[in-house]
Amino acid sequence: MSENFTSPDFYNIDELLSEEHKLIRESTRQWVSKSVSPIIEEYAQKAEFPSHLIKELGEIGAFGPYIPEKYGGAGFDQISYGIMMQEIERGDSGIRSTASVQSSLVMYPIWKFGSDEQKEKYLPKLATGEIMGCFGLTEPDHGSNPSGMISNFKSDGDDVILNGSKMWISNSPFADIAVVWAKDENKRIHGLIVERGMNGFTTPETHNKWSLRASSTGELIFDNVRVPKKNILPEKSGLGAPLMCLDSARYGISWGAIGVAMDCYNTALKYSLERIQFGKPIAAKQLQQKKLAEMLTDITKAQLLSWRLGKLKNEDKATSAQISLAKRNNVDMAINIAREARQVLGGMGITGDFSIMRHMMNLESVITYEGTHDIHLLILGNEITGHNAF
Ligand code: TGC
Ligand code: FAD
């Protein structure tokens, strides 16, 4: 990845951005070029999360960019949040995962559904990265269908007793707190803040991943965990609560995918101009130009989609189906670009000397988590026809 990365902007989308948006992009981009790009391949190869980046992510405002400043957030708008996710994912989807889980899946529910006491206790520390969180929705037998979850809690005086398990949880092995979704005695879903150290709560790490290798993934296991009732998020219950968090994270991913696609496109363009075959740069060959022209076309469409969605989100008008369309389209766009860009590089494309293969493998998780490609299609199908085909 080039130190002097410039993003493709074929339709002058920069003109739609404010000076603040451009400043945020520049500072995040510089941080990624300085702190992520030089080390990320090594961490991905050894399947280790670069935990030293946590403090720096807090310093650049990547934890809770849109959370109000009074709770330690940056108080930015939704387009700024998207731009930050774009730039961070240009470095690596796993680092963006850490930022989006902390922001949209941990800080957001505490901010939106938490008590004043919970907000004051957790949000400022989450914003700096002094404490880290994770989000437990998926279970071994309930992935796309979280409403069937079996994790549950029963009242016991001032506490509840929590049982069950969650799997595929980003950041669980090192998180200080987990926002966990579980059913009460009436089968109603609630969010609970479970703290590391509570008896019966363990977080084993998941190994052998070929994707998101620089991100730490694990389980959450609850064996009669006693959680104080004051740790239940009081302001919203039902599946709609975690789905609102997912809407926020899915929106950020729609921007993040553009960052990956840009990096793959830039790498392929540069390589094609330098690589000589049959006496000419391969960039002079029609087949390679077709790949590059289609990449730029798809990136441009995705940029317009996410920018417009950001405007709608700023006005609080974005619907869940609109967010599904953008997450689905942009991640699919990025994975296709990664595959094409890999081919432009020939054999070199499979090595860790370039970022493309790592991005491609990361995107296999991104197209699966936060709602699979199929599930987002079904959300759109439901919106269009009024028939739920889940
Ligand atoms: P359904 O009956 O449609 O809805 C249940 C209730 O929820 C409401 N609702 C929403 N509310 C807010 N935002 C949304 N997007 C909403 N979608 C639905 C709905 O109105 C209803 O409310 P109420 O008051 O009537 O009860 O629910 P369903 O069980 O049929 O499921 C719908 C479906 C399939 C779309 C949903 O379950 C779904 O999205 N499944 C995918 C699961 C998923 O995305 N999991 C992600 C786990 S977290 C993760 O992957 C983090 S990766 C982190 C990283 O590293 O970046
Ligand atoms: P399943 O739901 O079993 O789906 C398997 C296949 O069936 C998919 O192709 C799916 O599209 C398809 N399918 C399912 N239902 C239907 C249907 N009705 N019609 C047609 N096809 C269908 N979860 C969290 O809660 N927190 C996290 O932090 C988190 N981080 C993750 C990190 C990684 C690296 C990964 C891989 C996953 C993470 N997840 C997390 C879980 C993720 O959200 C789930 O993997 C995802 O929602 C899909 O669930 P599943 O894996 O159980 O697949």
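The values are calculated or read from the model by the stated rules, or taken from the named source; none is laboratory data. Remember, it's a predicted structure, so these values are computed and weren't measured experimentally. Backbone-built Cβ (ideal geometry, glycine too); neighbour counts: all protein chains shown.
Can you name the residue in the range 359-378 that is β-branched (Val, Ile, Thr) and in a loop (DSSP other than H, G, I, E, B) and is also farthest from ligand 2 (Cβ to nearest atom) among such residues? Walk me through how you get there before you give the answer.
In the first step, residues of the range 359-378 are kept if they are β-branched (Val, Ile, Thr); the result is 366-368, 372, 375.
Still in the list and also in a loop (DSSP other than H, G, I, E, B): 367-368, 372.
Working: ILE367: 9, THR368: 5, THR372: 3 Å.
That would be ILE367.
Which fully enclosed strands (runs of 3 or more DSSP E) of the range 97-193 have 1 or more residues being more than 16 Å from ligand 2 (Cβ to nearest atom)?
Answer list for the range 97-193: 152-156, 159-170.
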request  = Evaluate the following for ILE177: is it of a type in the set (Val, Ile, Thr) and farther than 30 Å from GLU42 by Cβ?
outcome  = no
task = Tell me, please, whether a residue that is within 16 Å of ligand 1 (Cβ to nearest atom), surrounded by fewer than 19 Cβ atoms within 10 Å (Cβ to Cβ) and either over 27 Å from PHE76 (Cβ atoms) or within 22 Å of the chain's Cα centre (by Cα) (or both) can be found in the range 288-296.
result = no
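Among the residues of the range 331-358, count how many are within 15 Å of ligand 2 (Cβ to nearest atom) and more than 22 Å from SER104 (Cα to Cα). Don't jump to the end; show me each part of the working.
As a first pass, look at the range 331-358 and keep what is within 15 Å of ligand 2 (Cβ to nearest atom): 331-332, 335, 358.
With more than 22 Å from SER104 (Cα to Cα) added as a condition, the list becomes 335, 358.
Qualifying residue count for the region: 2.
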query = Which of the residues spanning the range 128-142 are under 19 Å from LEU246 (Cα atoms) and of a type in the set (A, V, I, L, M, F, W, C)?
reply = MET132, CYS134, PHE135, LEU137
query = Which residue pairs have Cβ atoms under 6 Å apart, sit 6 or more places apart or on different chains, and have a first residue in the range 355-378 that is within 18 Å of HIS142 (Cα to Cα) and free of Cβ contacts under 8 Å to residues at least 60 places away in the same chain and a second that is near ligand 2 (Cβ under 9 Å from one of its atoms) and in a helix (DSSP H, G or I)?
reply = ILE367/HIS373
ask   = Would a scan of the range 261-276 turn up a residue that is buried (at least 24 other Cβ atoms within 10 Å of the Cβ) and within 16 Å of ligand 1 (Cβ to nearest atom)?
value = no
ask   = Restricting the search to the range 360-377, which residues are within 11 Å of ligand 1 (Cβ to nearest atom) and of a type in the set (Asp, Glu)?
value = GLU370, ASP374
request  = For the range 239-257, indicate whether the set of residues that are within 16 Å of ligand 1 (Cβ to nearest atom) and touching a Cys at 6+ places or on another chain (Cβ under 8 Å) is non-empty.
outcome  = no
key: Residue list for the range 162-182, filter: touching a His at 6+ places or on another chain (Cβ under 9 Å) and away from ligand 1 (no atom under 13 Å from the Cβ)   = ALA182
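Looking at SER115, SER151 in this structure, which one is touching a residue at least 60 places away in the same chain (Cβ under 8 Å), in the same structural domain as VAL194 (by TED's automatic domain parsing) and of a type in the set (Gly, Ala, Ser)?
Numbers: SER115 fails: in the same structural domain as VAL194 (by TED's automatic domain parsing).
The match here is SER151.
Looking only at the range 275-297, which residues are among the polar types (S, T, N, Q) and either touching a residue at least 40 places away in the same chain (Cβ under 8 Å) or outside the structural domain of GLN343 (by TED's automatic domain parsing) (or both)?
Residues of the range 275-297 among the polar types (S, T, N, Q): 277, 286, 288-289, 297.
Listed by number, the list holds a single entry, GLN288.
Here is a check on your reading of the model: is ARG328 free of Cβ contacts under 8 Å to residues at least 40 places away in the same chain and part of a helix (DSSP H, G or I)? Explain how you work it out, then say what you get.
Values: free of Cβ contacts under 8 Å to residues at least 40 places away in the same chain: no; part of a helix (DSSP H, G or I): yes.
In short, no.
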request  = Answer yes or no as to whether GLY381 is within 11 Å of ligand 2 (Cβ to nearest atom), among the small types (Gly, Ala, Ser), part of a loop (DSSP other than H, G, I, E, B) and at pLDDT 95 or above.
outcome  = no
message = Tell me yes or no: at least one residue of the range 336-359 is within 16 Å of ligand 1 (Cβ to nearest atom), of a type in the set (Asp, Glu) and more than 21 Å from SER97 (Cα to Cα).
response = no
